[in-house]
Amino acid sequence: MGNDARTRDAAASADFEEVQTTGQFKELRKRHRSFVFPMAVAFLLWYFAYVLLADYAVGFMSTKVWGNINIGLIMGLLQFVTTFAITGWYVSYCNRKLDPIAADIRHGIEGHEFDRADRFDGADTGMSGSSAGGAGK
């Protein structure tokens, strides 16, 4: 318990403004924005089209498709389907395009020698490398 106070947090020693100026971080931000902004615009257009049609095209939206199911109901349910589809697409995109870069950036922040030296400084007090933060890395 007393040794926990000596363990330095890697985030505390990181200069986040410096990290934000790196090429990796700029690429990560560019890739994130290139997915999120167009997708947000597309979904908002789809959503507002639904709302406007429901308000101003009542005859169209109440057109029966099958039994009591009309176009308005189908479009309303498709809002939920679209939300889940976008979420799945975003997760897949992150796994392929964003997470590898983010992991490299994180390793660059947490993987410095001065961070490791402070983490394992308690080795002389009887702490093993694995309990002091994973010496095998």
Check: Limited to the range 47-67, what total is found for residues that are open to solvent by less than 70 Å² (accessible area, probe 1.4 Å) and touching a residue at least 24 places away in the same chain (Cβ under 8 Å)?
Finding: 1
Margin query: Out of 53, 73, I need the residue that is over 30 Å from residue 31 (Cα atoms), in contact with a strand residue (DSSP E or B) (Cβ under 9 Å, 6 or more places away or on another chain) and either in a helix (DSSP H, G or I) or modelled with pLDDT of 95 or more (or both). Which one?
Written below: 73
Checklist line | Residues being at pLDDT below 95 and open to solvent by 90 Å² or more (accessible area, probe 1.4 Å) - total across the range 76-100 | finding: 0
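The values are calculated or read from the model by the stated rules, or taken from the named source; none is laboratory data. Bear in mind the structure is a predicted one, so any value in this text is a computation, not a measurement. Neighbour counts run over all protein chains shown; Cβ positions are idealised from the backbone, glycine included. Please note that ligands, DNA and RNA were not included when accessible areas were found on the heavy atoms of the full protein model with its side chains. Shrake-Rupley method; radii C 1.70, N 1.55, O 1.52, S 1.80 Å.
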